[in-house]
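Read the structure below first, then the notes.
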Amino acid sequence: MTAPVISQVLPSDGPFCASSFVVSFYVPKQNQANPPPAKGLHVQRWAPTYAAVRQFSGFVSDYDVGEEAAALRNSLAGTTWAAAIDKSHADEAIMEYIVAQYNSPFEFEDRVNEIWLMFEMESDSV
């Protein structure tokens with residue numbers, strides 16, 4: 001098992017719509033040049049990027065994820081980071097976020113999870 005396991009979440013916009021999820025697994029550095037093939041999977045390569053991050057503990061549930069994403073947004077209100085996030089997601093009706101889980105499902109204590117809001121930052125804004 002690799003860590004973190006990353007789930008990109010695009011929340012639904014209504015009671016009868018399903019949220020969309022993409023689950024990704026980190027490939028260790030020694031395998032990144034030539035990752036092992038697997039049917040139905042594809043390699044995702046990320047360019048350097050910015051993320052606002054909130055850490056939380058416990059097992060991840062749909063309810064907790066929504067609460068943590070809202071808490072992250074609230075903690076950023078009025079900051080340069082909130083403006084950059086809003087600008088980066090201006091053309092999206094509903095903002096996508098990422099859940100990163102660092103523990104095995106068999107670990108019951110000291111679990112570490114994060115909510116990420118990805119954004120682009122203009123070099124003169126930092």
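The residue among PHE119, GLN30, GLY58 whose Cα reaches farthest toward the positive pole of the charge dipole of the chain, with charges on the beta-carbon of Lys, Arg, Asp and Glu, is GLN30. Compute the Cα gyration tensor for the stretch 27-126, then decide on rounded, prolate or oblate, letting a ≥ b ≥ c be the square roots of its eigenvalues: rounded whenever a/c is under 1.5, prolate when a/b is larger than b/c in the other cases, and oblate in all that remain. It comes out oblate by the Cα gyration axes. Neighbour counts of C-beta atoms inside 10 Å place LEU76, LEU117 in the sequence LEU76, LEU117, starting with the fewest.
Quick note: the coordinates plus some simple rules give every number you see, no bench work behind them. Just so it is clear, the model here is predicted, and its values are computed rather than measured. Ideal geometry is used to build each Cβ from the backbone, glycine not excepted, and the neighbour counts take in all protein chains shown.
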